[in-house]
Amino acid sequence: MLRSLRQLTRASTGSTKSILLREFIQEALYSPVFGYFNREDVPVGALPEPLVFSELAGEAEYKRALHASYENLQESWLTPVEVFQPYYGRALAKYIQQQASSHDSAIHINELGGGTGTLARNMLDYFHEEDRGLYERLTYTSIEISPKLAALQRQRVGEQHAASFRTTTTDACKPEAWGHPSQEPCFILMMEVLDNLPHDRVGLFGSADEWCQTEVEMSEEGQPVRQYMAPITDRAIGQCMQLPGWQATIDQQPWMHRIMNPFVRPDSFVYLPTQCRMLLDLICHARPNHHLIIGDFDELPDVQIPGKNAPLVASKEGGITYDHKSVLVRPGSADIFFPTDFPLLAHMHSHAVHQHLPQSEVRGHHLKAGEFMRQYANSAAAATRNGYNPLLQDYTNFSIYLGGTVEHPRGD
Ligand SMILES: C[S@@+](CC[C@H](N)C(=O)[O-])C[C@H]1O[C@@H](n2cnc3c(N)ncnc32)[C@H](O)[C@@H]1O
């Protein structure tokens, strides 16, 4: 039945072409011509001045200050790195400083998707002020897909930290972004990058409840016509489906119901981080001796689209946010961002290391960003006058994964 439905779909569409859902998302977000991250008004906003938390009375005034910043930015979004500058960057720098304290060799930091460069600037300022020895043996390489944001990073970070900072404008998911493989230890930072990496969707289909991948039918004009289920042929999808915990909890449907509704079961849809899985393969190959530091939303509110780990599809006009009910929006017109399934991310990292680096294993864990900040940030500086501390108490749906490769002890 599957095959005949697929043939029917193809036959009825004439000159249209079909692509995987992640290929559609890749185009929609990153096409050099119309991609969302290549718009004239870049969607990643920068605060003109850091918020001075100690001058704010408490939570309500903090929320008002944030709201006012958003109104000024109109079409852009602010990330925790921007809102809590310089404390976020300084806390991450302190974590790296502690991890690197046991050796005095060169330190390499690769930041993927550095946005406006705020994190790089805050971290490099920290090393410069607090640990000049480490600063002098440090290289900080940013890999940024958006030419406009890369140019902004060069201007905001490169001028001040010329000896240690450089930006390459390319897709971090492509091998050429990494150059020759290097055995040297390196820290790889991704703050709010996984949420924009293209995902695929699988779901149960047909009376036999077979797992299928989602494909998008595109018109000749490059617009999405519809999405449909097709047999799984994609390797990255297959890899994600081998991981423990990827699946949704699906209600058992009575057999009569199945016979009457033998096609797609929306309750079974799962969005899989296939591009992230491929990126981890690449990192294992290019930088086997790596330590990942990944921050992202572990949950998103008010998602309108059914499925486990379904994305928010949101556009902004005149400072007002619109949430869409489908991923199939006009390419480039909306942000498409996913929650990160942190337990799955940890499994994926271990799985990739296990496959590519048989001599190594991963030591990793994830924790809420507030907890991380409590351990590494100068959080008192981010407190408002009545004691409310947004660095610790806001963005409660943001987590951080910390995971590095270590060699198996000899004899294992
Ligand atoms: C939501 S912004 C986060 C910016 C910054 N990390 C922060 O936390 O403020 C996502 C960033 O990742 C970049 N990006 C997304 N996919 C990328 C890829 N495949 N390679 C390199 N950069 C990417 C975007 O251009 C953008 O700068």
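The values are calculated or read from the model by the stated rules, or taken from the named source; none is laboratory data. Please read these numbers as outputs of a predicted model, since none were measured by experiment. Positions of Cβ are backbone-derived with ideal geometry, glycine not excepted, and every protein chain shown enters the neighbour counts.
Could you figure out which of (1) over 19 Å from the mean Cα position of the chain (by Cα); (2) at positive phi isn't true of residue 117?
Answer for residue 117: the failing condition is (1).
Can you give me the number of residues within the range 232-275 that are among the basic types (Lys, Arg), surrounded by 13 or more Cβ atoms within 10 Å (Cβ to Cβ) and either within 23 Å of residue 326 (Cα to Cα) or at pLDDT 90 or above (or both)?
1
Taking the condition of being part of a loop (DSSP other than H, G, I, E, B) and in contact with a helix residue (DSSP H, G or I) (Cβ under 6 Å, 6 or more places away or on another chain), how many residues in the range 52-69 meet it?
Matching residues across the range 52-69 total 1.
Among the listed residues 140, 88, 95, identify the single one that is under 24 Å from residue 279 (Cβ atoms), in contact with an Asp or Glu (Cβ under 8 Å, 6 or more places away or on another chain) and either at pLDDT 90 or above or assigned to a strand (DSSP E or B) (or both).
When all the criteria are applied, what remains is 140.
For the condition farther than 18 Å from residue 189 by Cα, of a type in the set (Gly, Ala, Ser) and in contact (Cβ under 8 Å) with a residue 60 or more places away in the chain, what is the one hit in 377, 381, 369?
381
Does any residue of the range 373-396 turn out to be within 27 Å of residue 200 (Cα to Cα) and surrounded by 14 or more Cβ atoms within 10 Å (Cβ to Cβ)?
Yes: one or more hits.
Of all residues in the range 31-66, which are within 14 Å of the ligand (Cβ to nearest atom), hydroxyl-bearing (Ser, Thr, Tyr) and surrounded by fewer than 21 Cβ atoms within 10 Å (Cβ to Cβ)?
31
Considering (1) crowded, with 20+ Cβ neighbours inside 10 Å; (2) near the ligand (Cβ under 9 Å from one of its atoms), say which one residue 174 fails and leave the rest.
Status for residue 174: all satisfied but (1).
Hey, could you check the range 316-352 for residues that are of a type in the set (Phe, Trp, Tyr) and within 16 Å of the ligand (Cβ to nearest atom) and say which is surrounded by the most Cβ atoms within 10 Å (Cβ to Cβ)?
338
Taking the stated definitions as given, is residue 22 closer than 20 Å to residue 370 by Cα, among the basic types (Lys, Arg), modelled with pLDDT of 85 or more and within 16 Å of the ligand (Cβ to nearest atom)?
Criteria not met by residue 22.
For the range 175-194, give me each residue that is under 24 Å from residue 334 (Cα atoms) and either at pLDDT below 95 or in a loop (DSSP other than H, G, I, E, B) (or both).
Passing the criteria: 192, 193.
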